[in-house]
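Worksheet: the structure to be examined is printed underneath.
None of the figures in this text is laboratory data; all of them are computed from the coordinates on show. It should be emphasised that the depicted structure is a prediction, and the values quoted were computed from it without experimental measurement. We place every Cβ from the backbone using ideal geometry, glycine too, and count neighbours over all the protein chains shown.
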Amino acid sequence: MPNLLQTYRKNRTLIITLVILFLLLLLAIQGMSTRDWVVTVLRGLAVGSITFLVAAGLSIILGLMDVLNLAHGTLFMIGAYVGWSMYVRPDTVVDATTPFLLVLAGFLLMPLWMPLLGRLRLGRSATRVWPWIALLAGLALLALALTRYPLSIWSGTEYQNSPIVWNQYFEAGTVQENVTPATFDTIIAAVVDWGSLLAGSVLVGLAVAGFAIARRGPTAQAARSVARPLMWFALVAAVAIGLYVVNTPLSDFLLSLSSNALFVLALIVAALVGAGLGGLMESTMIRPLYDRGIYQILLTLGLGFIGVEMVRSIWGRTGFTMPKPALFSSTGDGCPAESISGWLQHQCSTIIVDIGGEPARIRTYNELFVIAVGIVVLIAVWLLLQRTRLGMIIRAGVQDSRMVEALGINVRRVFTLVFALGVGLAAFGGVIAAPATGLSDTMGATLLLSSLIALAIGGLTSFPGAAAGAVIVGLTQQFIIRYGQLGINLPFLAEPWKPSPPLVPASVILLMIIILLVLPQGLFGRSE
Amino acid sequence: MSNILEVRNIHTYISQFHILEGVDVEVPKGGIVALLGRNGAGKTTTLKTIMGLTPPRSGEIIFDQEPVQGRPSYEIASLGIGFVPENRGIFRDLSVLENLKIAERKKGDLDRKSDFIFELFPDLQRLIKLPGTHLSGGQQQMLAVARALVPDNRLLLIDEPSEGLAPVIIEAMMEAIRRLSSETTVLLVEQNFIVASQLAQHYVIIEEGRSVQAGLMADLVHDKATIQRYLGAA
């Protein structure tokens, strides 16, 4: 009991604020029927749960590395688009994996170059010049080989082959019939293209090593192991070419899978692509800028814009929907379901529940599944933070990463891992969001704004704060939207007041301002 | 007699400020060496430079016959150096147990060392579940030293263990450091000359970023002129 009292005294403002927010939520029930209230709360939680998937990574990265990753929204969007591709056009993903792995294989040889180049005794000007030549030659080779690589892909500009039309094929179950497999005309053309990809990435890798030597001077270090990079190179290149050989049967197999299985695959692929992008971004671009905060912000902001343009050029400017997996899409027999078991039996898109004497339509994907995923991720990340050694290192590193390093822990590697995990989670969130909200080139920016506000409300680097902030943002938005339809009865007004749509984003920012005025550290922030 | 640590003529800059302008330290295996000097002389920076936290621009740092200057902190620590910083570096969001566990380099380090650690600092066993925030200054200091004992460290760098502690606690701390020094070599920074002179067998005096004098502590305690000149009134 004294413990409880102590907790209350310490967190008085926080508890009072949460109680007020809770009371406001209860008060909201006065203006609408119980049914509307329940549905609005569910919608708010769903929006909150997607916001949380982005905000969680953002807040952990900000806490541990002091990097505000403004590209996080774009990476969320890229996750959604990659997920859509795996979902509707798995054959394209299989096609694209071969050239990707070949380029990767070339880079895997990089550990060999530093010691090898260090032994070459070149003149000063030669040392400066050759990396540039290698870089340009490598990039030219890559550009040539990549553009000529046969991909069976949709088009962002031509309607007959656009993602929208492929969505229609997907819903009709005729994707497989409309796919035309892409292959090289001759085996020679294939070998030339593969060779160019390998040579191009090897040259770029050499150039990178050359730049490092030109800057820091040659290092006398010997290669730790010659065999290991060579083995990885051979393995990845072999897998790449093997994938080309089994391309058609593999694509056919993937296209014959149910949409539920494809959706799970899409989640996995998007999370992996996100994690890869995050790891690459941290290790190549953010790492040199750890001591220069303003440069990081400009860098991540710029990368965000580049990402949006890339998405536009690959998937087109027009937004489109992502068909829901079969488990959530049926409207036929026995639908809308009247219970959870009825939904599972008929795979309905909606459930009708009786709330307060009125039937409420609840969408199984948007308002149940999304929330469930949010809760599962919340628990999983919480367990990771509290119960694993990695989580312990993250919690310690948030406070003092140099002390963690002085204990003998390679904090740089932890940084890269956490960045990759955070971005992977956002990309995963993108796929979860896509069937509910559709795909568009603005989905990233919108969500980045929401999650930044969620972070500010929750206390920037606090993980429970990010979760609470995301839920508050989601609920506020949805209640304002609902009141915009119903109107609020305010005293001294003859007609109910209807908040107009622009008030939806404004309301969240207003709420943030109020909360920060009362609690400058945010709900769960720590005063320094 | 072999030295476990040799610091030779290190120069360290923090941003553009030349903080260490030639520091030499020799730490023989076993026992305690004290770094002495006035506030701001560069004692703490010397420890941080050895740890790789403020890497030296020139000079050599040899730990157990291996040059370590320029290597990242975590590699230096992994060679077997424990660091107890001036601010104690206790992680607030971690419990006492987690603060100890995070220092493990191999699985089971803490289990093997816990008897020794809790014998030195019996208080910690009672506090094991508390978060780092709830510890008093003395308890934090004990935890910081205990944490450095969890892995198999061959050298401990301890910065100002007596700072801000009550006299009774200082006594206990000194006793603990004396006992652990029979297992591990200690390089100690200590402002309080009485504490340092009772603990250490060797000393190095640092003045304005240079090491100016080194020798046996037994000789220094009688050398009132040196004490007066470099350390102020003793």
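Which of the three applies to the stretch A:1-159, rounded, prolate or oblate, going by the alpha-carbon gyration tensor with a ≥ b ≥ c and a/c under 1.5 meaning rounded?
Verdict is oblate for the stretch A:1-159.
Please find the FRET efficiency linking B:Asn192 to A:Arg387, where r is the Cβ-Cβ separation and R0 is fixed at 60 Å, and quote it to the nearest 0.05.
0.90
For the pair A:Arg402 and B:Arg92, what calculated FRET efficiency results from E = 1/(1 + (r/R0)^6), where r is the Cβ-Cβ distance and R0 = 25 Å, to the nearest 0.05?
0.95
At q = 0.09 Å⁻¹, what log₁₀ I(q)/I(0) does the protein assembly as shown have when each alpha carbon counts as one equal point scatterer in the Debye sum?
With no solvent term, the Cα-only Debye profile gives -1.01.
For each of A:Trp232, A:Trp113, A:Trp315, count neighbouring Cβ atoms within 10 Å of the residue's Cβ, then give the residues from fewest to most.
Fewest-to-most ranking of A:Trp232, A:Trp113, A:Trp315: A:Trp232, A:Trp113, A:Trp315.
How far is helix A:463-486 tilted, in degrees, relative to the longest principal axis of the Cα atoms in chain A, given as a value from 0 to 90 rounded to the nearest 10?
Roughly 60 degrees, rounded to the nearest 10.
Shape verdict for the stretch A:149-188, please, from the Cα gyration tensor: rounded (a/c under 1.5), prolate (a/b greater than b/c) or oblate.
Taking the square roots of the gyration eigenvalues as a ≥ b ≥ c, the stretch A:149-188 is oblate.
Along the positive direction of the dipole of the protein assembly as shown (beta-carbon charges: Lys, Arg +1; Asp, Glu -1; about the Cα centre), which of A:Ser49, B:Ala225, A:Ser451 reaches farthest?
In the protein assembly as shown, that residue is B:Ala225.
Roughly how many debye, to the nearest 20, is the charge dipole of the protein assembly as shown about its Cα centre, given +1 on each Lys and Arg Cβ, -1 on each Asp and Glu Cβ, and no other charges?
700
May I ask for the distance between the Cα centers of the stretch A:158-217 and the stretch B:145-184, given as a whole number of Å?
A separation of 60 Å, based on Cα centres.
Would you mind calculating the relative contact order of the stretch A:453-522 from Cα pairs under 8 angstrom and at least 6 residues apart, reporting the percent as a whole number?
Over the stretch A:453-522, the number comes to 33 percent.
At 7 Å along Cα-to-Cβ for each site, give me the label-to-label distance between A:Ile514 and A:Arg9 in nm.
3.0
For the stretch A:1-132, with only Lys/Arg (+1) and Asp/Glu (-1) charged at the beta-carbon, what is the dipole magnitude about the Cα centre, in debye rounded to 20?
580
Given bins 5 angstrom wide, list per bin the percent of all Cα-Cα distances in the stretch A:1-72, short to long.
Spelled out bin by bin, the stretch A:1-72 gives 3, 13, 12, 12, 15, 17, 16, 9, 2, 0 percent.
Which whole-number percentage describes the relative contact order of the stretch A:346-486, with Cα contacts under 8 Å and a sequence gap of 6 or more?
Computed value for the stretch A:346-486: 11 percent relative contact order.
In debye, nearest 20: dipole of the stretch A:404-528 around its Cα centre with unit charges on the Cβ of K, R (+) and D, E (-)?
120
May I ask for the angle, rounded to the nearest 10°, between helix A:443-458 and the longest principal axis of chain A, with both axes built from Cα atoms and the value confined to 0 to 90°?
Taking the Cα atoms of chain A, the angle to A:443-458 is about 60 degrees.
Helix B:137-149 against the longest principal axis of chain B: what's the angle in degrees, Cα atoms only, rounded to the nearest 10?
Helix B:137-149 and the main axis of chain B meet at about 90 degrees.
Considering only A:Ser341, A:Met392, A:Phe369, whose Cα is most displaced toward the positive end of the charge dipole of the stretch A:334-418, charges sitting on Cβ of Lys, Arg (+1) and Asp, Glu (-1)?
It is A:Met392.
Between B:Arg154 and A:His346, what is the spin-label point distance in nm, taking each point 7 Å from the Cα along the Cα→C-beta axis?
Label-label distance for B:Arg154 and A:His346, simple model: 7.5 nm.
Find the all-direction average of the projected area of the Cα convex hull for the stretch A:356-477, expressing the result in square nanometres with one decimal place. Let's see the in-between values first.
Numbers: hull surface 38.1 nm².
Value for the stretch A:356-477: 9.5 nm².
Set Lys and Arg Cβ to +1 and Asp and Glu Cβ to -1, take the dipole of the protein assembly as shown about its Cα centre, and tell me which of B:Gly82, B:Ile205, B:Pro161 lies farthest positive.
Checked the options; the winner is B:Ile205.
Which of the lysines could a cross-linker span from A:Lys10 if the Cα-Cα distance has to be under 25 Å and same-chain partners fewer than 8 positions apart are dropped?
Here the lysines satisfying the reach criterion relative to A:Lys10 are B:Lys129.
Label B:Arg178 and A:Thr331 with points 7 Å out from Cα along Cα→Cβ: what is the distance between them in nm?
Label-label distance for B:Arg178 and A:Thr331, simple model: 8.6 nm.
Give the long-range amide H neighbours of A:Leu439: residues separated by 5 or more places, or on another chain, with amide H under 5 Å away, using H modelled in the peptide plane at 1.01 Å from N.
A:Phe320, A:Thr321, A:Met322
Sort A:Ile472, A:Ile379 so the one with the fewest other Cβ atoms within 10 Å of its own Cβ comes first.
Exposure proxy ranking, most exposed first: A:Ile379, A:Ile472.
Jot down the per residue volume, in cubic angstrom and as a whole number, of the convex hull over the alpha-carbon atoms of the stretch A:285-354. Show your work: numbers first, answer last.
Numbers: hull volume 13.7 nm³, N = 70.
Residue-normalised Cα hull volume stands at 196 Å³.
Taking each pair of different alpha-carbon atoms in the stretch A:83-212 once, compute 1/r for the pair, average those values, and report the inverse of that mean as the Kirkwood hydrodynamic radius in Å to one decimal.
After inverting the mean inverse Cα-Cα distance, the result is 17.1 Å.
Tell me, what is the percent relative contact order of chain A, built from C-alpha pairs under 8 Å that lie six or more residues apart?
Working: 787 pairs, mean separation 160.7, N = 528.
Relative contact order for chain A comes out at 30 percent.
Starting with the fewest neighbours, write out A:Arg317, A:Arg43 ranked by other beta-carbon atoms found within 10 Å of each beta-carbon.
Numbers: A:Arg317 11, A:Arg43 23.
With the fewest neighbours first, A:Arg317, A:Arg43 line up as A:Arg317, A:Arg43.
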